[in-house]
Each structure stands twice: as C-alpha cells, then as structure tokens.
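See below for the structure under consideration.
Read the figures in this text as sums done on the coordinates, not as results from a lab. What you see is a predicted model, and the numbers here were worked out from it, not measured in a lab. Cβ atoms come from the backbone with ideal geometry, glycine included; neighbour counts cover every protein chain shown.
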C-alpha cells in the first residue's frame, strides 16, 4: 500500500462527508479499503511469525 493510495482513501472519505460519492468512486473506495486491510493483515502476520515462544523451565 503506497502513500498515494492511502491519500486517495482519505480524499474519498472526506468527499463522502461533503457529498455522495459516484458509483465509480464508491467502488474505488471499497477496493482501496480492501487492499489496505489486506496489507495490514499481511504486516501483522509477518510480525507475529517473527516471534518465538519459549516456555519457562520450572526450577
């Protein structure tokens, strides 16, 4: 997800508060939001896969 895509998401959100979005803009907004969620999910999964669980030994 690029900064340009994130800026476009924000632009569409601001526009939607002022006036209704066209069908094309709504579709673009939904697609961009889905891409954003997928990127965030991928980043989270990558971070979690980097952790290693080691149980404590009982002394």
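A few notes on this one:
- Helical runs assigned H by DSSP (4 residues or longer) give the chain a calculated mean residue ellipticity at 222 nm of -25500 deg cm²/dmol, each run adding -39500 (n - 2.57) before division by the residue total.
- Angle between the chain longest axis and helix 3-18 axis [Cα atoms, degrees, rounded to 10]: 50 degrees
- Extension gain, residue 34-residue 22: 0.36 nm per intervening residue step, less the Cα-Cα distance, totals 2.5 nm.
- Gyration tensor verdict on the chain (Cα atoms; rounded if a/c is under 1.5, prolate if a/b is larger than b/c, oblate otherwise): prolate
- The simple Förster model, with R0 at 35 Å and r as the Cβ-Cβ distance, assigns residue 54 and residue 1 a FRET efficiency of 0.60.
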